[in-house]
Amino acid sequence: MLKVTEANVAGEDPWQVAGRTFSSRLIVGTGKYKDFAQNAAAVEASGAEIVTVAVRRVNVSDPNQPLLMDFIDPKKITYLPNTAGCFTAEDAIRTLRLAREAGGWTLVKLEVLGEAKTLYPDMIETLRATEILAGEGFEPMVYCSDDPIAAKKLEDAGAVAIMPLGAPIGSGLGLQNQVMIRLIVEGANVPVLVDAGVGTASDASVAMELGCDGVLMNTAIAEAKDPVMMARAMKLAVESGRLAYRAGRMGKRRYADPSSPLAGLI
Amino acid sequence: MHDDQTVTIRVNGEHRRVRAGMTVAQLALELGLDPDKVAVERNLAVVPRSTLGDVEVEDGDEFEIVTFVGGG
């Protein structure tokens, strides 16, 4: 049994995905920030070792625009290329093939969306893309619905992590589906990360207390009034939620139970 | 090829005329891009980074040149 010290909060409770070991259980996005400098400061404050990034056309008419890579060094922080905005398996696969060529990444975040209004995943296309990508040597971490059966099928198809939504992307509504998330965690043999829906620090703690291996978020930090401070809050929330999970919470009672002895009352 | 030794291609959806015989790496440099920071797709097939300096641009080619941007 590990002794809980400051050291093992940060360093001695690592997790693994696709054979890579990370200390931080918080993955952060790089969208919606005021500028790259604020984004980089938030990543630093979050302690994240992995950031999600999108793949888009370069601006040929203004090639001297600053690049994300100039602010967040892909040699120090693991870039996790995503397929945000893709609505078919083919689009997602095409995007990730390009991402792999841009930097040699095989660890990727797959998301195939069903429609623009809810950004809810299309699980049929997602499963199809997972199979094809795994066959091409990719290691897809897969954004998915909170469906324990679909989660197992993704795992069988080669997903290296299962990433169910807690609420719609960018909604900040918190985990609406704690029962299903817990069932997915119990059934999975690969890491489970809540991806989407976290709004504030307590939401991240809830995800970790359910036994998730990590949390992925973007808007909750980027749209906070002080993104860098919120990034730090999320780091602490993920760590405290993880510790609470490992510590094992007390049982719930229906009535009061005094903490002070009843004997010896004057 | 046109009479003036140029070819017509499309880059990220925009038509361009470039010198015939130019390589993809030269095309990227001419567009002001660092070939190490982009990935190139030519007619829907990824051009491996190791061959950017060998593959020549041909008339009618359609290129997508992408990089990483902020995203969630």
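If you take the accessible area of A alone, add that of B alone, and subtract the area of the pair, what total do you get in Å², probe 1.4 Å, to the nearest 100? Let's see the in-between values first.
Numbers: alone 13990 and 4870 Å², together 16350 Å².
In total, this chain pair buries about 2500 Å².
For helix A:148-157, report the angle its Cα long axis makes with the longest principal axis of the Cα atoms of chain A; keep it between 0 and 90° and round to the nearest 10°.
Computed tilt is about 50 degrees.
Which of A:Asn82, A:Asn218, A:Asn64 ends up with the largest GNM mean-square fluctuation for chain A, with Cα atoms connected below 10 Å?
In the Gaussian network model the winner is A:Asn64.
For the full complex of protein chains and a 1.4 angstrom probe, list A:Trp15, A:Trp105 by accessible area with the highest value first.
Details: A:Trp15 10, A:Trp105 35 Å².
The ranking, largest first, comes out as A:Trp105, A:Trp15.
Considering only the protein assembly as shown, what is the antiparallel percent among its DSSP beta bridges, to the nearest 5? List each step's numbers first, then the result.
On the way: 23 of 47 bridges.
Approximately 50 percent, going by the DSSP bridge assignments.
Please determine, in degrees from 0 to 90 and to the nearest 10, the orientation of helix A:123-135 with respect to the longest principal axis defined by the Cα atoms of chain A, where the helix direction is its Cα long axis.
70
Please pull out the direction-averaged projected area of chain A, using the convex hull of its alpha-carbon atoms, in nm² to one decimal place.
So the Cα hull casts an average projection of 17.8 nm².
Given the pairs A:Lys117/A:Lys225; A:Lys34/A:Lys109; A:Lys75/A:Lys109; A:Lys117/A:Lys235; A:Lys109/A:Lys153, which span a C-alpha to C-alpha distance of over 21 angstrom in this model? The partial results should precede the final answer.
Working: A:Lys117/A:Lys225 25 Å; A:Lys34/A:Lys109 24 Å; A:Lys75/A:Lys109 18 Å; A:Lys117/A:Lys235 30 Å; A:Lys109/A:Lys153 17 Å.
Over 21 Å apart, Cα to Cα: A:Lys117/A:Lys225; A:Lys34/A:Lys109; A:Lys117/A:Lys235.
Separation of the stretch B:42-72 and the stretch A:63-109 by C-alpha centroid, Å?
14
With a/c under 1.5 counting as rounded, go ahead and sort the stretch A:156-266 into rounded, prolate or oblate using the C-alpha gyration tensor (a ≥ b ≥ c being the square roots of the eigenvalues; past the cut-off, prolate if a/b is larger than b/c, else oblate).
Oblate is the answer for the stretch A:156-266, as a/c is 1.5 or above yet b/c matches or exceeds a/b.
Have a look at A:Arg57, A:Arg94, A:Arg25 and tell me which one the Gaussian network model of chain A (Cα, springs below 10 Å) gives the largest fluctuation.
Largest GNM mean-square fluctuation: A:Arg57.
To the nearest 10 degrees, how steep is helix A:227-247 against the longest Cα principal axis of chain A, on a 0 to 90 scale?
On a 0 to 90 degree scale, this one is about 50.
Could you quote the convex hull projected area for the stretch A:1-140, Cα atoms only and averaged over all directions, in nm²?
For the stretch A:1-140, averaging the hull's shadow over all directions gives 10.8 nm².
Can you run the Rg to Rh ratio on chain B? Use alpha carbon positions and the Kirkwood inverse-distance Rh.
On the way: Rg = 12.2 Å, Rh = 12.5 Å.
Taking Rh as the inverse mean 1/r over Cα pairs, Rg/Rh reads 0.98.
When the C-alpha atoms of the stretch A:209-266 are aligned to their principal axes, what extent does each axis show, in angstrom, from largest down?
Taking the Cα atoms of the stretch A:209-266, the three principal extents are 55, 26, 18 Å.
In deg cm²/dmol and to the nearest 500, what is the mean residue ellipticity at 222 nm of chain A if only DSSP H runs of at least 4 residues count, each as -39500 (n - 2.57), divided by the residue total?
-11000 deg cm²/dmol
Rg and Dmax of the stretch A:71-155, Cα atoms, in Å?
In order Rg, Dmax, the Cα atoms of the stretch A:71-155 give 12.8, 40 Å.
Whenever you get a sec, compute what percent of the accessible area on the stretch A:113-227 sits on carbon and sulfur atoms (1.4 Å probe). Each step should come with its number before you reach the end.
Numbers: 2370 of 4410 Å².
Carbon with sulfur: 54 percent of the solvent-accessible area.
The values are calculated or read from the model by the stated rules, or taken from the named source; none is laboratory data. Predicted model only: the values in this text are computed from it and were never measured. To get the accessible areas, we keep the full protein, side chains included, count just its heavy atoms, and leave off ligands, DNA and RNA. Shrake-Rupley method; radii C 1.70, N 1.55, O 1.52, S 1.80 Å.
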